[in-house]
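Structure record follows, encoded as structure tokens.
The values are calculated or read from the model by the stated rules, or taken from the named source; none is laboratory data. These figures come from a predicted structure and were not determined experimentally. Glycine also receives a Cβ, built like all others from the backbone with ideal geometry; neighbour counts cover every protein chain displayed. Accessible surface is based on the protein model in full, side chains and every heavy atom, while ligands, DNA and RNA are left aside. Shrake-Rupley method; radii C 1.70, N 1.55, O 1.52, S 1.80 Å.
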Amino acid sequence: MKKISFIILLSVFFLGSGKGQTSRPNIVVILTDDQGYADVGFNGSTEIPTPHIDRIAKNGTVFTNGYVSFAVCGPSRAGLITGRYQDRFGFSRNPLMAPSDSTMGIPQSEETLAELLKKAGYKSGVIGKWHLGAHTSQRPNQRGFDEFYGFLSGGHRYFPEEYTLQDLSQVNSQYDAYRTKLLKNSARVEETEYLTDALSREAVNFVIKNQQSPFFLYLAYNAPHAPMQATQKYLDRFPNIQNKKRRTYAAMVSAVDDGVGNLLDKIEELGLNENTIIFFLSDNGGPTKDNASSNAPLRGFKGDFFEGGIRVPFAVQWKGKIPTGVTYDHPVISLDIVVTAAELAGVNPQNELDGVNLIPFLTEVRSDRPHQALYWRNYDAQRFAVRVSDEKLITMPDRIFQFNLKKDLSEKMNLHQEKSPATQRLKALIEGWNSQLEIPRFLGLRQEAEYSRLNPDRFK
């Protein structure tokens with residue numbers, strides 16, 4: 001009966017709504033940075049309460065096998081915003097702060113979700129971390145976004161008194177950019193609030209401003225990414241956590257949770273709940289040593305292809321359109337967000353996308369798996385991974401791992417047998433996929449010394 005009711009509801013929604021506002025729902029993507037798989041309530045956290053993030057799970061569906069397309073933030077975000085495996089267009093590395101380099105970002109041949117939704121009249125805003133190119137041609141306002149409030153680099157300081165650099169002309173090293181004043185579109189602004197609170201404020205303002213038209217909000221927090229900084233207000237919530245770094249991490253996550261609550265409250269207050277689909281996820285697994293995050297019970301962490309590096313907290317809500325308070329267990333990936341948004345908005349992408357529209361799967365219109373296979377590549381390490389059903393293979397130059405994730409979620413038992421048909425089949429899938437990919441288009445964070453040697457005027 002539940003299945004039939006959702007099919008009927010979805011049919012009425014899509015067939016009866018025509019081309020008006022109802023047929024083009026608002027789209028919100030809330031992305032955290034380096035948040036551990038275990039560090040949300042809907043994945044079992046009791047040490048760090050996340051009641052507002054958990055509202056998305058309670059009001060919608062949790063992806064228990066939710067993945068991102070890479071294990072560090074730059075490439076992962078490039079995949080998320082284009083709906084394509086980032087290695088298809090050479091975004092295989094974390095970009096450097098190189099404001100004079102127009103190749104250090106998403107190629108112009110690629111279409112961002114903001115550019116795609118503009119075809120349907122959406123107003124798009126990105127709040128927070130960009131990290132997809134600092135050259136003027138690569139910035140949000142040149143890549144389809146109508147509004148931008150945040151910073152261009154891969155991270156930022158959180159306390160506004162530390163924003164001591166007026167703009168990129170004063171940047172002389174990779175991490176100097178963490179101290180620049182924030183950007184509102186192309187103008188530098190004087191911020192006075194703790195960064196996470198400021199980003200949450202701007203997200204709410206964007207919704208208020210654009211409530212009369214379909215909008216796409218990409219709220220890209222940099223918390224709980226280092227540097228580990230939190231205000232006393234949030235630290236005071238965790239007096240029982242003795243580990244200083246873990247306590248600060250918990251405080252940073254709690255600040256995000258407050259902001260998510262403010263945003264959800266405003267969407268509800270404005271009567272937009274039934275016409276707004278909201279995704280929440282992290283850009284990669286937690287770097288457990290750097291920020292004291294937890295990926296339990298998963299093996300691994302940010303940067304590797306064990307589950308702890310690529311499986312993330314991931315949930316979606318859309319009131320009245322998708323089931324509430326349930327889990328979806330088939331593997332999905334962040335690339336699916338663009339395809340889902342495109343189909344809901346009724347627009348055609350210029351490139352072939354790698355994701356799928358999740359709505360028919362969530363509403364049980366389709367009972368098959370969204371993906372036959374999911375893939376990962378780390379070009380520099382020559383490391384690959386593939387997941388097919390519950391089988392997973394990780395190949396490295398000196399070692400191969402094979403797991404059955406249904407039986408061994410923590411990837412403790414290596415089942416690899418070189419000559420087994422299963423291993424050969426998975427290897428062949430990786431080789432076929434890899435043949436479709438580009439080599440990296442730019443030197444990344446791990447090649448910074450080489451890049452600076454080749455580009456002595458990098459910051460001029």
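Going through the stretch 192-209 one residue at a time, which ones are open to solvent by less than 20 Å² (accessible area, probe 1.4 Å) and over 12 Å from Lys266 (Cα atoms)? Steps first, answer last, please.
Going residue by residue through the stretch 192-209, those that are open to solvent by less than 20 Å² (accessible area, probe 1.4 Å) are 194-196, 198-200, 203, 206-207.
Those that are open to solvent by less than 20 Å² (accessible area, probe 1.4 Å) and over 12 Å from Lys266 (Cα atoms): Tyr194, Leu195, Thr196, Ala198, Leu199.
For residues in the stretch 149-175 being assigned to a strand (DSSP E or B) and open to solvent by 10 Å² or more (accessible area, probe 1.4 Å), which is farthest from Ser109 (Cα to Cα)? Explain how you work it out, then say what you get.
Here is the first cut: in the stretch 149-175, the ones assigned to a strand (DSSP E or B) are 149-151, 165.
Filter once more, keeping what is open to solvent by 10 Å² or more (accessible area, probe 1.4 Å): 149, 165.
Working: Tyr149: 25, Leu165: 33 Å.
The qualifying residue farthest from Ser109 (Cα to Cα) is Leu165.
Among the residues of the stretch 255-299, write down those that are among the small types (Gly, Ala, Ser), touching an Asp or Glu at 6+ places or on another chain (Cβ under 9 Å) and not in a helix (DSSP H, G or I). I'd like the intermediate steps shown before the answer.
Here is the first cut: in the stretch 255-299, the residues among the small types (Gly, Ala, Ser) are 255, 259, 261, 271, 282, 285-286, 292-294, 296.
Filter once more, keeping what is touching an Asp or Glu at 6+ places or on another chain (Cβ under 9 Å): 255, 259, 282, 285-286, 293-294.
Hits for the stretch 255-299 are Ser282, Gly285, Gly286, Ser293, Ser294.
Which pairs have Cβ atoms under 9 Å, sit 6 or more apart or on different chains, and link a residue in the stretch 328-343 that is under 19 Å from Asn59 (Cα atoms) to one that is open to solvent by 10 Å² or more (accessible area, probe 1.4 Å) and modelled with pLDDT under 95?
none
Counting just the residues of the stretch 25-78 that are among the polar types (S, T, N, Q) and over 23 Å from Thr276 (Cβ atoms), which one comes out surrounded by the fewest Cβ atoms within 10 Å (Cβ to Cβ)? Steps first, please.
So the first thing to find is which residues in the stretch 25-78 are among the polar types (S, T, N, Q), and the list is 26, 32, 35, 43, 45-46, 50, 59, 61, 64-65, 69, 76.
Next, from what is left, pick out any that are over 23 Å from Thr276 (Cβ atoms): 43, 45-46, 64-65, 69, 76.
Details: Asn43: 21, Ser45: 21, Thr46: 6, Thr64: 17, Asn65: 19, Ser69: 28, Ser76: 28.
Top of the filtered list is Thr46.
What is the residue count in the stretch 176-189 for residues that are more than 19 Å from Ser137 (Cβ to Cβ) and either small (Gly, Ala, Ser) or exposed (fewer than 14 other Cβ atoms within 10 Å of the Cβ) (or both)?
Number of matching residues: 1.
Taking the criterion of being crowded, with 24+ Cβ neighbours inside 10 Å and either of a type outside the set (S, T, N, Q) or out of contact with any Gly (no Cβ under 9 Å at 6 or more places or on another chain) (or both), would at least one residue in the stretch 237-249 satisfy it?
Yes, the stretch 237-249 contains a residue that is crowded, with 24+ Cβ neighbours inside 10 Å and either of a type outside the set (S, T, N, Q) or out of contact with any Gly (no Cβ under 9 Å at 6 or more places or on another chain) (or both).
Tell me, please, whether a residue that is among the basic types (Lys, Arg) and open to solvent by 20 Å² or more (accessible area, probe 1.4 Å) can be found in the stretch 306-317.
Within the stretch 306-317, not a single residue is among the basic types (Lys, Arg) and open to solvent by 20 Å² or more (accessible area, probe 1.4 Å).
Taking only pairs six or more apart or across chains, which ones have beta-carbon atoms under 9 Å, a first residue in the stretch 441-460 that is free of Cβ contacts under 8 Å to residues at least 24 places away in the same chain, and a second residue that is part of a helix (DSSP H, G or I) and buried (at least 16 other Cβ atoms within 10 Å of the Cβ)?
Close Cβ pairs (under 9 Å, with a partner that is part of a helix (DSSP H, G or I) and buried (at least 16 other Cβ atoms within 10 Å of the Cβ)) amount to Ser452/Gln174.
Which of (1) touching a Gly at 6+ places or on another chain (Cβ under 9 Å); (2) farther than 20 Å from Ser282 by Cα is the odd one out, the single condition Gly355 does not satisfy?
Condition not satisfied by Gly355: (2).
Within the set of pairs 6 or more residues apart or between chains, which connect a residue that is touching a residue at least 40 places away in the same chain (Cβ under 8 Å) and within 21 Å of Tyr149 (Cα to Cα) inside the stretch 215-239 to a residue that is part of a helix (DSSP H, G or I) and open to solvent by 30 Å² or more (accessible area, probe 1.4 Å) with Cβ atoms less than 7 Å apart?
So the pair list comes out as Ala226/Asp290.
Taking the criterion of being closer than 25 Å to Thr46 by Cβ, touching a Gly at 6+ places or on another chain (Cβ under 7 Å) and open to solvent by 10 Å² or more (accessible area, probe 1.4 Å), would at least one residue in the stretch 226-234 satisfy it?
Kept after step one, since they are closer than 25 Å to Thr46 by Cβ, are these residues of the stretch 226-234: 226, 228-234.
Still in the running and touching a Gly at 6+ places or on another chain (Cβ under 7 Å): 226.
In the following step, the residues that additionally are open to solvent by 10 Å² or more (accessible area, probe 1.4 Å) were identified as 226.
There is at least one residue in the stretch 226-234 that is closer than 25 Å to Thr46 by Cβ, touching a Gly at 6+ places or on another chain (Cβ under 7 Å) and open to solvent by 10 Å² or more (accessible area, probe 1.4 Å).
Considering each of Arg77, Arg93, Arg84 in turn, give the residue that is outside any loop (DSSP other than H, G, I, E, B) and either under 12 Å from the mean Cα position of the chain (by Cα) or of a type in the set (D, E, K, R) (or both).
So the residue among Arg77, Arg93, Arg84 that is outside any loop (DSSP other than H, G, I, E, B) and either under 12 Å from the mean Cα position of the chain (by Cα) or of a type in the set (D, E, K, R) (or both) is Arg77.
Can you tell me which residue is most open to solvent (accessible area, probe 1.4 Å) among those in the stretch 270-293 that are of a type in the set (Ser, Thr, Tyr) and closer than 15 Å to Tyr37 by Cβ? Write out each step before concluding.
From the stretch 270-293, those of a type in the set (Ser, Thr, Tyr) are 276, 282, 288, 293; that's our starting set.
After this cut, where a residue has to be closer than 15 Å to Tyr37 by Cβ as well, the list is 282, 288, 293.
Details: Ser282: 0, Thr288: 47, Ser293: 10 Å².
Once the filter is applied, the top-ranked residue is Thr288.
Of these, Arg237, Arg247, which one is at pLDDT 95 or above and either assigned to a loop (DSSP other than H, G, I, E, B) or among the hydrophobic types (A, V, I, L, M, F, W, C) (or both)?
Just a single option satisfies the conditions, and that option is Arg237.
Hey, can you tell me all the residues within the stretch 208-260 that are farther than 23 Å from Tyr37 by Cα and either of a type in the set (D, E, K, R) or within 20 Å of the chain's Cα centre (by Cα) (or both)?
Lys209, Phe215, Phe216, Leu217, Lys233, Asp236
Checking the condition open to solvent by less than 10 Å² (accessible area, probe 1.4 Å), part of a loop (DSSP other than H, G, I, E, B) and touching a residue at least 12 places away in the same chain (Cβ under 8 Å), which residue from Gly121, Gly105 passes? It would help to see each step written out before you state the result.
Numbers: Gly121 fails: open to solvent by less than 10 Å² (accessible area, probe 1.4 Å).
Matching residue, one of Gly121, Gly105: Gly105.
Go through the stretch 387-420 residue by residue and tally those that are of a type outside the set (Asp, Glu) and at pLDDT below 95.
3
State whether the residues of the stretch 434-442 include one that is of a type in the set (Val, Ile, Thr) and closer than 30 Å to Met97 by Cβ. I'd like the intermediate steps shown before the answer.
In the first step, residues of the stretch 434-442 are kept if they are of a type in the set (Val, Ile, Thr); the result is 439.
Then drop every residue that is not closer than 30 Å to Met97 by Cβ, which leaves 439.
Yes - at least one qualifying residue is present in the stretch 434-442.
May I ask you to verify whether Val326 is in contact with a Pro (Cβ under 8 Å, 6 or more places away or on another chain) and either surrounded by 20 or more Cβ atoms within 10 Å (Cβ to Cβ) or not small (Gly, Ala, Ser) (or both)?
Against the criterion (in contact with a Pro (Cβ under 8 Å, 6 or more places away or on another chain) and either surrounded by 20 or more Cβ atoms within 10 Å (Cβ to Cβ) or not small (Gly, Ala, Ser) (or both)), Val326 does not qualify.
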